[in-house]
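All remarks here apply to the structure that follows.
The values are calculated or read from the model by the stated rules, or taken from the named source; none is laboratory data. Fair warning: this is a prediction, and the values are worked out from it, not measured in the lab. Cβ atoms come from the backbone with ideal geometry, glycine included; neighbour counts cover every protein chain shown.
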Amino acid sequence: MRIKWYPLLISLRLKTLPLALSTILAGNALAYWQHKMALSVMFLSLITASLLQILSNLANDYGDTIKGVDQSSREGPERGIQLGLITLPELKRVIEITICLSIISGLCLLLLACHTFQELLGFLLLGAISIVAAITYTVGRNPYGYRGLGDISVLIFFGLVSIMGSFYLQTKQLPIFLIWPAVGLGLLIVAVLNINNLRDYDSDLIHHKRTLIVLMGRKNGGYYHISLLVISLLMLIHFSYYYLQSIWAWLFLLTLPLFYLHSRAILRSQTSKTIAPLFPQMIKLALLTNLFYCLGIILS
């Protein structure tokens, strides 16, 4: 197979990686706060998470193309297969390669970090579920991304699994207090998906892609988006107040003016074209908040 580098790079959507990796960094920052962190485990965790995110991006393109959702009229970032620069068989081959690389990276991580057979078996099962979830989001007869379940999936895998899993691999502990930062930071990534779905509302409605936004309507979707941001901030504030108890723990509050401006723009935007610029804005806001929070944890 001759590699088409430009359309392949477009399809990988590398710009999504920093946000996907931010919760892995948060889990490792929490482990550092507990004085238990190995750089080698963190490095392999980041590589594995990157490959799983790329797999999710590729599978999303593949599934949406098969179902006719990705059209040239679609708002948002261009995709290689949408532009006709890469074929479905070529994209499928790249997906297969990415699955193999994800498995290899994941096995290396588990062999390094797991000390018992039970740990190894548990994380092997979790890894298999993660791969299946990345593929079946839009691929298959009944993809869950077409049934309004994308949001809960993002919260589980990018919040709970990323933060709690990476923390456990470092510390071999799973304290209940992890729920607060895991849900808080996970909801910010759900908000990124929500903006994406708000932008694609018209296209998804036409092609019967029943995202949560399609089910609730664009106006209610705006209120839902703001509720995600508010709940996220409340979860982070709770953890900072009761557990970190340091002035550095409040660094993330520097983003509050940006949250206000973003929320106001959401309420005023009712078309795909006006919502489209808010998608990269939400990515930057989520990433900045996460990085400030990680820094606050480390300095605490």
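Taking region 114-208 as the region of interest, the helices (runs of 4 or more DSSP H) fully inside it that hold 2 or more residues being touching a Ser or Thr at 6+ places or on another chain (Cβ under 9 Å), at pLDDT 90 or above and over 29 Å from ILE66 (Cβ atoms) are 165-171, 179-199. Against the conditions (1) surrounded by 15 or more Cβ atoms within 10 Å (Cβ to Cβ); (2) within 21 Å of the chain's Cα centre (by Cα); (3) under 14 Å from ASN194 (Cα atoms), ARG218 satisfies every one except (2).
Restricted to region 55-78, and to residues there that are modelled with pLDDT of 60 or more and within 19 Å of ARG199 (Cα to Cα), the residue that is surrounded by the fewest Cβ atoms within 10 Å (Cβ to Cβ) is GLY68. Selection over region 33-44 of residues that are over 10 Å from PHE167 (Cβ atoms) and of a type outside the set (A, V, I, L, M, F, W, C) gives a count of 2.
The single residue among SER162, SER166, SER153 that is under 17 Å from LEU58 (Cβ atoms), within 17 Å of the chain's Cα centre (by Cα) and surrounded by 15 or more Cβ atoms within 10 Å (Cβ to Cβ) turns out to be SER153.
The set of residues in region 217-271 that are under 20 Å from LYS284 (Cα atoms), free of Cβ contacts under 8 Å to residues at least 24 places away in the same chain and aromatic (Phe, Trp, Tyr) contains only TYR260.
Looking at LEU261, is it surrounded by 20 or more Cβ atoms within 10 Å (Cβ to Cβ) and either within 18 Å of LEU25 (Cβ to Cβ) or out of contact with any Phe, Trp or Tyr (no Cβ under 8 Å at 6 or more places or on another chain) (or both)? No; evaluated as a whole, the condition is false for this residue. When LYS284 is tested against (1) touching a residue at least 12 places away in the same chain (Cβ under 8 Å); (2) within 19 Å of ILE24 (Cα to Cα), just one condition goes unmet, and that condition is (1). If the condition is being without any contact (Cβ under 8 Å) to a residue 24 or more places away in the chain and hydrophobic (A, V, I, L, M, F, W, C), then region 115-148 contributes PHE117, LEU120, LEU121, LEU124, LEU125, ALA128, ILE129, VAL132. Here GLY27 clears all of (1) farther than 17 Å from GLY296 by Cα; (2) buried (at least 21 other Cβ atoms within 10 Å of the Cβ); (3) not β-branched (Val, Ile, Thr) except the condition numbered (1). Selection of first residues in region 93-108 that are modelled with pLDDT under 90 and of second residues that are surrounded by 14 or more Cβ atoms within 10 Å (Cβ to Cβ) and among the hydroxyl-bearing types (Ser, Thr, Tyr), restricted to Cβ pairs under 7 Å at least 6 apart or on distinct chains, gives the following pairs, ordered by first then second residue: ILE95/TYR62.
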